[in-house]
Amino acid sequence: MKRLFAASAIALLLTGSTMAEPVAAPDVALTDPAAEARARDLFVDIRCVVCQHESIADSPAGIAADMRQLVREQIRDGKTDAEIRQDLVRRYGDYVLFTPPFRWGTLILWLGPLMLVVGGGLVFWARSRRKNTTAPLDAAEEAELARWIAPTDATTKPEKQDI
């Protein structure tokens, strides 16, 4: 039984190490320095679809390396920045751009935070304008309150104790 457990544990460890993403091929820069600078400017504006919080310029993921290579190939083919962005949006959706276009499909991305702030302000304003509807205390409640707040021996000033 112990051998079976040990063999299973070793198999799981080996399987986990082989399931890791393969190391990305090193980037091959464009020979033209102006074209490479243009590509690097585009890399900063494009989101890695794996990391989701990093640009493809900073991401170590294999797909980011593939996307960088794709951008370089399209620059080499003479495409404009707008055409390259459109192709990436066609492949991966609006999410691939750090600044998605303003249209009906992305309206919530652009106006959602503003609507949350305005809605929260309206709720705060409405709650602050609400009138206090507490009724005054009747005689029995007044007497109970007086009994609670009346000074007793326990609530008088404590004597100074020597330590």
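The values are calculated or read from the model by the stated rules, or taken from the named source; none is laboratory data. On a predicted model such as this, the values are computed, not experimentally measured, just so you know. Positions of Cβ are backbone-derived with ideal geometry, glycine not excepted, and every protein chain shown enters the neighbour counts.
Below, the figures for the structure above:
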{"quantity": "Residues that are within 16 Å of residue 40 (Cβ to Cβ) and either at pLDDT 95 or above or of a type in the set (A, V, I, L, M) (or both), drawn from region 61-71", "calculated": "64, 65, 67, 70, 71"}
{"quantity": "Subset of region 14-59 that is surrounded by 10 or more Cβ atoms within 10 Å (Cβ to Cβ) and more than 29 Å from residue 94 (Cβ to Cβ) - its residue that is modelled with the highest pLDDT", "calculated": "32"}
{"quantity": "Scan of region 60-78 for residues that are over 19 Å from residue 93 (Cα atoms) and of a type in the set (Val, Ile, Thr), ordered by number", "calculated": "75"}
{"quantity": "Tally of residues being part of a helix (DSSP H, G or I), within 25 Å of the chain's Cα centre (by Cα) and in contact (Cβ under 8 Å) with a residue 24 or more places away in the chain across region 68-109", "calculated": "6"}
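Every residue, every condition in (1) polar (S, T, N, Q); (2) at pLDDT 95 or above; (3) closer than 30 Å to residue 36 by Cα, yes or no:
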residue	(1), (2), (3)
76	no, no, yes
82	no, no, yes
86	yes, no, yes
91	no, no, yes
102	no, no, yes
128	yes, no, no
144	no, no, no
147	no, no, no
151	no, no, no
